[in-house]
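*Asks:* Once you've had a glance at the structure underneath, I'll fire off some questions.
The values are calculated or read from the model by the stated rules, or taken from the named source; none is laboratory data. No experiment lies behind these values; they were computed from the predicted model shown. Cβ placement follows ideal geometry from the backbone for every residue including glycine, while neighbour counts extend to all protein chains displayed. The accessibility values were calculated without ligands, DNA or RNA, using every heavy atom of the protein model including side chains. Shrake-Rupley method; radii C 1.70, N 1.55, O 1.52, S 1.80 Å.
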Amino acid sequence: MALIETQDLRFVYGKGTPFEKTALNGANISINEGEFIGVIGHTGSGKSTLVQLLNGLLKPESGRVLLNGADIWEKPKEIRNVRFQVGLVFQYPEYQLFEETVYKDIAFGPTNKGIKDKDELDRTVRKAAEFVGLKEELLDKSPFDLSGGEKRRAAIAGVIAMEPRVLILDEPTAGLDPRGRDRILNQIKNYREQTGSTVLLVSHSMEDIARVADRVLVMNRGNVEMFDTTANIFKQGGHLSEIGLKVPQVTQVFLELKRLGADIDAGIYTMEQAKAAALEYLSGAGRKGGAVQ
Amino acid sequence: MISDITIGQFMPGRSFIHRMDPRMKIITMAALIIFVFLARNMLSMGLMLGFTFISMLITRISPKMYFKGLKAIWFLIIFTSVLNMLYIGGDTVVFKWWIFTITAEGLWQSAFIAMRLVLIIIISSMLTYTTSPTDLTAAIERLLAPLNWIKIPVHELAMMMTIALRFIPTLLEETEKIMDAQKARGADMENGGVMKRAKALIPIVIPLLISSFRRAFDLATAMDCRCYTSGSGRTRLNVLRYRFRDAVAFVTTAAVCTGIIYLNMLSPSLVQ
């Protein structure tokens, strides 16, 4: 059984005003336990709406969200329980920090969840801080004294500390320098490997998605355009650029090589794969097809 | 929800009223509000109601939006009407029970008060619905320009108003974002007693304050970078000009106001 499933999910913003806008127009997706899903799409394609529907921050106009086979809106009073199971990290999450110390801020989520035992709380907070690579001594500082990247990681830890079964991150690397990006991506990857949680990563960066995702969900104008394995999605460079998206740079190179007549697999999206494919091709296996100009 | 507050919300459009000069809108609508109080019998009140209704249709904004604006003050309207109904004495008693006496005079009085309140809200909503905040403050600045003579810094006040108005939607959006982010961390804002609810506001108010300061500093730096200086000598990108349609609006409003005074004389007044 799928962990999260949506059935004909529809959402409309500003219903009944002149600003009415359909943000999601019947989405059907199904995500299994432990999967790493990349979510891509243009600004305004419905990505953010979709993730907010998944944790019950928005209530669908029609359609259902199933978590573990049960409709999350069956008991509207208990929607808070869904939010502990589906953790959502918003864009620029550092703006949500408010406590006196980083420790207290990370403890906000687990406390709301009802963890009262001091040791249990301490364990979850320290574990979350460790996942995002925050040093012990930072925990007693004010969150407003941290650097930009540290703030971001502290905020992510605040959601991880709730130990959700599904972790959704909306552009966690936006506005960070390359080193900060790599760091956060690696930590998310490690987190998922160690805990076996399901992760959804919303991103504009195809390189980020290519590095971490098993499957990719492509959104376009409120519809699910494609939902397939990362290799299959990036093979369709043409289709992606039609809806204003790109494939990773390395995939672009291989798609172009293929167009020029090289007998080479175009479903390549990481450097390691590229190296292997290029070596294989150069060793003569694909040479018969004619030289590449 | 926060987004349900409609007073002061601008609804873009291309109607006659949308395209009027904002100064003329303020002048005519202020005149209309004054004359709402001068209409003293059913004939003049009828003219006022009719004219407001037609203006509402001209704006092409759904009447629903106007009634949404009224929602907030329904209680006030009913409360003052009932109070007036009971307190205004008169000779023609319609209904008497225990210490409550309702007279025809009292009924008219309360009906007029209700109609006046509704009209005022509709007319002022019409001004804000059809005028962008920037136009509105530009118009206020121009209309108040004579106050410069008594050393009131009209431009600075208008600038402050423009900035404040400009940031209302931004702050509302920001508030909703922060609320969502804290809700995603399990913050509970709907349940609990007064103390618990007040405490639940802290995770929202603190980030909001911090980001407001950040925005204020950013804006001040940006203004500095463009060498902003206030006071005289500033020119505008869009200079306000009265056009033919403003003359039409002025003449029509003047006619309606004259009509109200004339109709007041035709039949006896129903309010004190």
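*Asks:* Of all residues in region B:86-100, how many are in a loop (DSSP other than H, G, I, E, B), open to solvent by 70 Å² or more (accessible area, probe 1.4 Å) and in contact with a Ser or Thr (Cβ under 6 Å, 6 or more places away or on another chain)?
*Replies:* Selection size over region B:86-100: 1.
For every residue, the table says whether it meets (1) away from chain B (no Cβ under 14 Å); (2) buried (at least 22 other Cβ atoms within 10 Å of the Cβ).
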residue: A:Arg126; (1), (2): yes, no
residue: A:Lys151; (1), (2): no, no
residue: A:Ile156; (1), (2): no, yes
residue: A:Val159; (1), (2): no, yes
residue: A:Leu169; (1), (2): no, yes
residue: A:Arg181; (1), (2): yes, no
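*Asks:* Which one is surrounded by the fewest Cβ atoms within 10 Å (Cβ to Cβ), of the residues in region A:235-277 that are of a type in the set (A, V, I, L, M, F, W, C) and within 22 Å of the chain's Cα centre (by Cα)?
*Replies:* A:Met271
*Asks:* Shifting gears a bit: Quick check on my filter: what residues within region A:7-17 are farther than 17 Å from A:Ile72 by Cα and either of a type in the set (Ser, Thr, Tyr) or within 20 Å of the chain's Cα centre (by Cα) (or both)?
*Replies:* Residues satisfying the conditions are A:Tyr13, A:Thr17.
*Asks:* Can you tell me which residues in region B:46-63 are crowded, with 18+ Cβ neighbours inside 10 Å, within 21 Å of the chain's Cα centre (by Cα) and part of a helix (DSSP H, G or I)?
*Replies:* B:Met48, B:Phe51, B:Thr52, B:Ser55, B:Met56
*Asks:* From the list A:Tyr95, A:Tyr103, pick out the single residue that is away from chain B (no Cβ under 14 Å) and part of a helix (DSSP H, G or I).
*Replies:* After ruling out the rest, the residue left standing is A:Tyr103.
*Asks:* Scan region A:146-175 residue by residue and report those that are aliphatic (A, V, I, L, M) and under 16 Å from the mean Cα position of the chain (by Cα).
*Replies:* Selection gives A:Ala155, A:Ile156, A:Ala157, A:Val159, A:Ile160, A:Val166, A:Leu167, A:Ile168, A:Leu169, A:Ala174.
*Asks:* I would also like to ask the following. Within 22 Å of B:Ile210 (Cβ to Cβ) and crowded, with 24+ Cβ neighbours inside 10 Å - does that describe any residue in region A:81-89?
*Replies:* For region A:81-89, residues within 22 Å of B:Ile210 (Cβ to Cβ) and crowded, with 24+ Cβ neighbours inside 10 Å: present.
*Asks:* Okay, next question. Name the residue, out of A:Asn223, A:Asn232, that is modelled with pLDDT of 85 or more and either over 20 Å from A:Leu50 (Cβ atoms) or surrounded by fewer than 14 Cβ atoms within 10 Å (Cβ to Cβ) (or both).
*Replies:* Selected residue: A:Asn232, the only one of A:Asn223, A:Asn232 that is modelled with pLDDT of 85 or more and either over 20 Å from A:Leu50 (Cβ atoms) or surrounded by fewer than 14 Cβ atoms within 10 Å (Cβ to Cβ) (or both).
*Asks:* Given the criteria in contact with a Gly (Cβ under 9 Å, 6 or more places away or on another chain), open to solvent by 70 Å² or more (accessible area, probe 1.4 Å) and of a type outside the set (A, V, I, L, M), does A:Lys104 qualify?
*Replies:* Judged against the criteria, A:Lys104 is not a match.
*Asks:* Out of the strands (runs of 3 or more DSSP E) lying entirely within region A:18-69, which hold 3 or more residues that are surrounded by 16 or more Cβ atoms within 10 Å (Cβ to Cβ) and under 16 Å from the mean Cα position of the chain (by Cα)?
*Replies:* Passing ranges, in order: A:36-41.
*Asks:* How about region B:205-224: which of its residues are facing another protein chain (nearest Cβ under 8 Å) and either without any contact (Cβ under 8 Å) to a residue 12 or more places away in the chain or more than 15 Å from A:Tyr92 (Cβ to Cβ) (or both)?
*Replies:* Hits for region B:205-224 are B:Ile206, B:Ile210.
*Asks:* For region B:171-211, which positions are open to solvent by less than 40 Å² (accessible area, probe 1.4 Å) and among the polar types (S, T, N, Q)?
*Replies:* Matches in region B:171-211: B:Thr175, B:Gln182, B:Ser211.
*Asks:* Let me ask another. If you go through region B:64-85, how many residues are in a helix (DSSP H, G or I), loosely packed, with under 14 Cβ neighbours inside 10 Å, away from every other protein chain (no Cβ under 14 Å) and within 17 Å of the chain's Cα centre (by Cα)?
*Replies:* Going through region B:64-85 one residue at a time, the tally reaches 2.
*Asks:* Condition check: surrounded by fewer than 19 Cβ atoms within 10 Å (Cβ to Cβ) and either on the phi > 0 side of the Ramachandran plot or part of a strand (DSSP E or B) (or both). Does A:Gly284 satisfy that?
*Replies:* When the stated conditions are applied, A:Gly284 passes them.
*Asks:* Only residues that are buried (at least 20 other Cβ atoms within 10 Å of the Cβ), more than 28 Å from B:Pro153 (Cα to Cα) and of a type in the set (S, T, N, Q): list them for region B:101-137, please.
*Replies:* Of everything in region B:101-137, those that are buried (at least 20 other Cβ atoms within 10 Å of the Cβ), more than 28 Å from B:Pro153 (Cα to Cα) and of a type in the set (S, T, N, Q) turn out to be B:Gln109, B:Ser110.
*Asks:* Related question: Looking only at region B:3-21, decide whether some residue is open to solvent by 50 Å² or more (accessible area, probe 1.4 Å), small (Gly, Ala, Ser) and more than 16 Å from B:Ile122 (Cβ to Cβ).
*Replies:* Scanning region B:3-21, I find at least one residue that is open to solvent by 50 Å² or more (accessible area, probe 1.4 Å), small (Gly, Ala, Ser) and more than 16 Å from B:Ile122 (Cβ to Cβ), so the answer is yes.
*Asks:* Kindly check whether there is at least one residue in region B:169-186 that is of a type outside the set (Asp, Glu), touching a Lys or Arg at 6+ places or on another chain (Cβ under 8 Å), under 26 Å from B:Gln9 (Cα atoms) and at pLDDT below 90.
*Replies:* Yes - at least one qualifying residue is present in region B:169-186.
*Asks:* Restricting the search to region A:108-123, which residues are among the small types (Gly, Ala, Ser) and open to solvent by 10 Å² or more (accessible area, probe 1.4 Å)?
*Replies:* A:Gly114
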